[in-house]
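Below is one structure, written out as structure tokens; the observations come after it.
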Amino acid sequence: MATKRRDSKGRILKAGESQRADGMYMYRYTDAGGVRRTVYSWRLVGTDKLPAGKKAGEPLRELEKLLIRDADDGIESFTAKKKTLDDFFHKYMSMKKELKSSTRSAYIQVYNIYIKDVFGSYSISSIKYSDIKQFYLSMFHEKGLKPNTVHTVNTVLCPIFTLAVRDGYIRVNPAHQVYAELKKQNRWGQDKRHALTKDQQQMFIDFIRRSPKYTRVLNLFTVLLGTGCRVGEIIGLRWDDCNFEENLISINHNMTFRKPENEKKMRFLVSTPKTEAGTRVIPMLREVKSALLNERLRQMAEGFNQTEVDGFTNFIFHTKRGNLYTDSSIDMIIRRIIRDCNAEETAAAKAQQRKPILLPHFSVHNLRHTFCTRFCENETNLKIIQEIMGHANISTTMDVYNEATMEKKKASFENLEGKITIG
């Protein structure tokens with residue numbers, strides 16, 4: 001009968017266990033990939049006293065339980081300790097061949113700005129649910145970032161862990177449902193864009209029209225408010241996309257300003273529309289057609305844009321210096337218009353001894369929402385609204401429609417007073 005191996009305390013050691021001359025315990029096993037591995041600990045069980053001057057760690061038999069479970073489940077835990085989140089992010093991005101260059105750049109930018117310095121060097125198996133939850137809470141409470149930003153970070157981070165789970169390196173995704181739980185617990189809602197009221201929209205355009213300082217951008221904002229296009233679609237709009245005989249605008253590409261992967265500088269990029277539904281044809285309103293023709297007449301006198309981006313030329317809108325606009329540059333113009341318009345209105349209200357009517361702060365993206373709201377106020381066919389707006393999902397259209405028609409619903413019920421008898 002074979003003699004059972006014992007440790008220095010006389011305890012019987014299990015298969016794979018041994019103790020070195022210096023007292024350290026070892027456990028040899030075969031991992032999920034069929035490779036022989038060894039783990040070490042200064043303690044066999046949790047009640048063992050740690051030798052003086054030695055580094056604390058999990059008892060050997062606690063490690064064994066985890067390793068046996070991992071092996072049974074096909075989890076390559078040993079390799080996972082040597083692979084970082086950075087490694088899996090690069091692997092994840094290398095397989096996302098379908099991403100447009102602009103979307104790829106956006107993913108990389110989000111990872112580099114918010115995630116890399118926090119978790120990039122961590123082993124994929126060491127990041128826990130509580131780490132992710134604390135990270136998201138810190139973004140919101142300590143850094144003052146909006147729930148939308150946290151949601152964007154989660155959109156990038158969660159699928160990286162999903163890849164590690166599917167590859168058999170970790171058992172569960174530590175980011176799974178974290179954002180959803182925090183959203184519910186903290187009553188976070190996606191920041192909702194609000195449309196300008198009819199009066200605010202009129203005030204905004206009237207100020208631009210009469211202001212020598214801003215009159216140059218009147219045509220740009222008329223087209224934005226009169227088409228409901230995404231800002232990238234208008235920045236990239238070309239004369240070739242406008243059919244003045246049929247009064248139609250073809251939306252077939254999108255312009256972004258980003259730093260492409262493996263490049264050091266930001267530059268303009270042309271891509272297909274955001275979604276398949278984004279490729280569409282929009283009828284020209286009379287004011288939109290007039291604005292485009294006025295812009296063409298001005299450029300016939302001053303000169304047309306000479307910029308070329310990814311083989312595309314003949315862009316309609318550009319700055320005084322001949323540069324293309326970016327969404328941030330348009331937002332800057334909007335902030336200045338709001339500032340100057342409100343200053344003028346404040347002075348006028350003071351002189352007339354009345355309360356000023358001020359423009360709220362908003363971005364260029366609110367102009368698309370404003371057009372959609374005006375459209376919903378005057379059109380009941382949701383399918384037509386969806387197609388013109390380029391919404392991939394009808395629920396997006398319905399959300400705007402329901403909000404836009406609430407006042408009409410209230411007015412309708414007011415007209416019912418005295419006409420419907422309940423009892």
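The values are calculated or read from the model by the stated rules, or taken from the named source; none is laboratory data. Quantities reported herein were computed from a predicted structural model and do not represent experimental measurements. Counting neighbours? That spans all protein chains shown, and the Cβs are built from the backbone with ideal geometry, glycine included. Accessible surface is based on the protein model in full, side chains and every heavy atom, while ligands, DNA and RNA are left aside. Shrake-Rupley method; radii C 1.70, N 1.55, O 1.52, S 1.80 Å.
Where does helix 406-416 land angle-wise versus the long Cα axis of the chain, in degrees 0 to 90, nearest 10? Value to nearest ten degrees: 60. Within the same chain, aspartates and glutamates fewer than 8 places from LYS146 are excluded, and of the rest, those with a Cα less than 18 Å from its Cα are GLU181, ASP191.
Rg over Rh for the chain works out to 1.15, both radii taken from alpha-carbon positions and Rh defined as the Kirkwood radius. With contacts taken as Cα pairs under 8 Å at a separation of at least 6 residues, the chain carries a relative contact order of 11 percent. Put a dot 7 Å past the Cα of SER8, heading toward its Cβ, do the same for ASN294, and the two dots end up 9.1 nm apart. In the stretch 193-330, taking the dipole from charged Cβ atoms about the Cα centre, the farthest positive-side position among GLY228, LEU218, LEU285 is held by LEU218. Sparsely packed loop sites in the stretch 355-423 (the trypsin sites (Lys or Arg not before Pro) outside DSSP H, G, I, E and B with at most 15 other Cβ atoms within 10 Å) comprise LYS419. Cross-link check: pairs LYS9/LYS82; LYS49/LYS82; LYS91/LYS116; LYS14/LYS82; LYS54/LYS83; LYS133/LYS183 evaluated at a Cα-Cα cut-off of 23 Å; pairs beyond the cut-off: LYS9/LYS82; LYS49/LYS82; LYS14/LYS82; LYS54/LYS83. Rolling a 1.4 angstrom probe over the stretch 1-160 with all protein chains present gives an accessible area of which 53% lies on carbon and sulfur atoms. Have a look at TYR111, TYR122, GLY34 and report the one farthest towards the positive end of the charge dipole of the stretch 16-145, computed about the Cα centre with Cβ charges (Lys/Arg +1, Asp/Glu -1). Of the candidates, TYR111 comes out farthest on the positive side. Sparse packing (at most 15 other Cβ atoms within 10 Å of the Cβ) combined with a DSSP loop state is found for the following GluC sites (Glu not before Pro) in the stretch 257-297: GLU261, GLU263.
Judged by the mean number of other Cβ atoms found within 10 Å, the most tightly packed of the peptides 350-358, 209-217 leads the ranking 209-217, 350-358. Where does the charge balance sit around LYS198 when Lys and Arg score +1, Asp and Glu -1, over other residues with C-beta under 13 Å from its C-beta? Local charge sum for LYS198: -3.
Taken about its Cα centre, the stretch 145-217 carries a charge dipole of roughly 320 debye when the Cβ of each Lys and Arg holds +1 and the Cβ of each Asp and Glu holds -1.
With each label modelled as a point 7 angstrom along the Cα→C-beta vector, the VAL45-ARG216 pair spans 8.2 nm.
Think of each Lys and Arg Cβ as +1 and each Asp and Glu Cβ as -1; about the Cα centre, that makes the dipole of the chain roughly 1700 debye.
Put the Cα centre of the stretch 241-297 next to the Cα centre of the stretch 6-47 and the gap is 67 Å. Loop-located GluC sites (Glu not before Pro) across the stretch 354-423 with a Cβ neighbour count of 15 or fewer within 10 Å are GLU379, GLU417, with loop assigned by DSSP.
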